[in-house]
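So the structure is just underneath, and the comments pick up after that.
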Amino acid sequence: MNKDRLEKFRSLIGTRVEEINNKLSAEDADTEPIAPDVAIGRLSRLDSMQMQQMALNAKRRLKSELQNLQNALVRIDKETYGICPFCRKEIAEARLEAQPDAILCINCAR
Ligand SMILES: [Zn+2]
């Protein structure tokens, strides 16, 4: 992949990383431990614990995506980005645009 394309994906990934960081800091408020006296009834405390569980799962997904994107940035620096490590072919740009942290080409990912 030439430098121009690499830089294009670097900024694409940078934007996504920023979005995720914003979401993660916004969600910190939702994943605070729930105080026992937060709800009057037992059910609503269970509800808020379920909500918290969902927020934690979403957070975990975002964190792993963030990690994958950071790995992609390392590959951009090494200029190995966009090359499938299995078959050594270039990954289709449409695939990378949809999923900038993709490691394998569509054939090897199947
Ligand atoms: Zn491949």
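For residue 13, the shell of other residues with beta-carbons less than 13 Å away shows a net charge of -2, using +1 for Lys and Arg and -1 for Asp and Glu.
For residue 82, what charge total do you get from the other residues with a beta carbon under 14 Å from its beta carbon, if Lys and Arg give +1 and Asp and Glu give -1? Residues close to residue 82 contribute a combined charge of +1. Accessible surface calculations at 1.4 Å, restricted to protein heavy atoms, place the chain at 70 Å² per residue. With angles folded into 0 to 90 degrees, how steeply does helix 3-27 sit against the dominant principal axis of the chain? Use alpha carbons for both and round to 10. The answer is roughly 0 degrees.
Calculated on the Cα set of the chain, radius of gyration then Dmax: 19.1, 61 Å.
With Cα atoms as the point set, the radius of gyration and Dmax of the range 45-84 evaluate to 16.2, 50 Å. How high is the relative contact order of the chain, given as a whole-number percent (alpha carbon pairs under 8 Å, six or more residues apart)? Relative CO of the chain lands at 28 percent. Summing Lys and Arg as +1 and Asp and Glu as -1 over all other residues whose Cβ lies under 14 Å from the Cβ of residue 64 gives a net charge of +4. Principal-axis analysis of the Cα atoms of the chain puts helix 42-77 at an angle of about 20° to the longest axis.
The values are calculated or read from the model by the stated rules, or taken from the named source; none is laboratory data. None of the values given here were measured: they were computed from a predicted structure. Virtual Cβ from ideal backbone geometry, glycine too; neighbours counted across all protein chains shown. Each accessible area value is taken on the protein alone, full model and side chains, heavy atoms only, with ligands, DNA and RNA left out. Shrake-Rupley method; radii C 1.70, N 1.55, O 1.52, S 1.80 Å.
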